[in-house]
Amino acid sequence: MSAVPTVAVLIGSLRKESNTRKFTRAVIALNAAPLNFQFVEIGDLPVYNPDLEGENAPPSWLELRRQISAADAVLFATPEYNRSVPGCLKNAIDVGSRPFGSNAWDAKPAAVLSVVTGNIGGFGANQHLRQSMVFLNVPTMQQPEAYIGGVANHLDAEGKLLNESTRDLMAKFVRSFAAWIEANRKR
């Protein structure tokens, strides 16, 4: 890699003690590949409304678009709500893809990490998010997939990954993502 890629990280949970955020921080702390992870906060984004575009666009929309445009890639970390992504994450995707013809996500290599407290691993959210990425022309890493169920069993009290198999899987995920970025990012 010529320069360390910047990865915009979007967390689909707004909870103060979000397990998704804790798990994502633990994965980043592994330092499995030379990537510069930058969290993009989405909790204060007004719901997308085309009537607010132009001179009336909320500053937080413009900042999100700027951060995504400046990044080389995107990591989506999401819990699952009703077999889909939380509304805050969907809203951020909508804000970043508008106005028509100004898709900040366009051609950004991405990866999806779904993290849930239950046992299914967020399959529905992971796959639903991938559907949106296809439409937005976001090349999304296919393997290894990352469906983390029972997240409380994977983190200690300090937010570190508990078991070696999880650390190995997540290190492989990050290394694969770094290779995916290198193969797919715009030059």
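Results, tabulated for the structure shown:
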| read-out | value |
| --- | --- |
| The stretch 64-113 shape via C-alpha gyration tensor axes, a/c threshold 1.5 | oblate |
| In Å², nearest 10: area of residue 52 left accessible to a 1.4 Å probe | 60 Å² |
| Cα-derived Rg to Rh of the stretch 63-161, Kirkwood definition | 1.00 |
| The chain: relative contact order in percent, alpha carbon pairs under 8 Å with at least 6 residues between | 26 percent |
| Folded to 0 to 90 degrees: helix 19-29 orientation relative to the chain principal axis, Cα | 80 degrees |
| Angle in degrees between helix 87-96 and the longest Cα principal axis of the chain, rounded to the nearest 10 | 50 degrees |
| Degrees, to the nearest 10: 123-135 long Cα axis against longest axis of the chain | 40 degrees |
| Anisotropy class of the stretch 1-69 from Cα gyration tensor, a/c 1.5 cut | oblate |
| Whole-number accessible area per residue in Å² for the stretch 11-50, which is evaluated in the context of all protein chains at 1.4 Å | 55 Å² |
| Sites residue 120 and residue 165 - FRET efficiency at Förster radius 25 Å, r taken between beta-carbons, to 0.05 | 0.85 |
| Cα-centred dipole magnitude for the chain, charges only on beta-carbon of K, R (+1) and D, E (-1), debye, nearest 20 | 320 debye |
| Radius of gyration and Dmax over the Cα atoms of the stretch 17-109, both given in Å | 14.3, 43 |
| Interchain or long-range residues, amide H under 5 Å from residue 146's placed H | 114 |
| Whole-Hz ³J(HN,Hα) from phi, Karplus 6.51 cos²θ - 1.76 cosθ + 1.60, for the stretch 149-157, glycine and proline x | x, x, 3, 4, 7, 9, 10, 8, 4 |
| Residue 134 versus residue 70: modelled label distance in nm, points set 7 Å from Cα along the beta carbon direction | 3.3 nm |
| Antiparallel DSSP beta bridges within the chain, as percent of all bridges there, nearest 5 | 10 percent |
| Calculated from backbone phi, Karplus (6.51, -1.76, 1.60) coupling profile of the stretch 60-77 in Hz, x at Gly/Pro | 5, 5, 5, 5, 4, 4, 5, 5, 5, 4, 6, 7, 8, 7, 9, 10, 9, 10 |
| At most 16 other Cβ within 10 Å, DSSP loop - GluC sites (Glu not before Pro), the stretch 42-78 | 53 |
| Correct option for semi-axes √(5λ) of the Cα gyration tensor in Å [calculated from the coordinates] among [x] 26, 19, 14; [y] 25, 19, 18; [z] 22, 20, 18 | [x] |
| Sequence of 135, 76, 123 from largest to smallest accessible area, 1.4 Å probe | 135, 123, 76 |
| Sites residue 183 and residue 55 - FRET efficiency at Förster radius 45 Å, r taken between beta-carbons, to 0.05 | 0.70 |
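The values are calculated or read from the model by the stated rules, or taken from the named source; none is laboratory data. In this text, all values refer to a predicted model and were calculated from it rather than measured experimentally. Glycine also receives a Cβ, built like all others from the backbone with ideal geometry; neighbour counts cover every protein chain displayed. The protein model used for the area step is the full one, side chains on, heavy atoms only, and it has no ligands, DNA or RNA in it. Shrake-Rupley method; radii C 1.70, N 1.55, O 1.52, S 1.80 Å.
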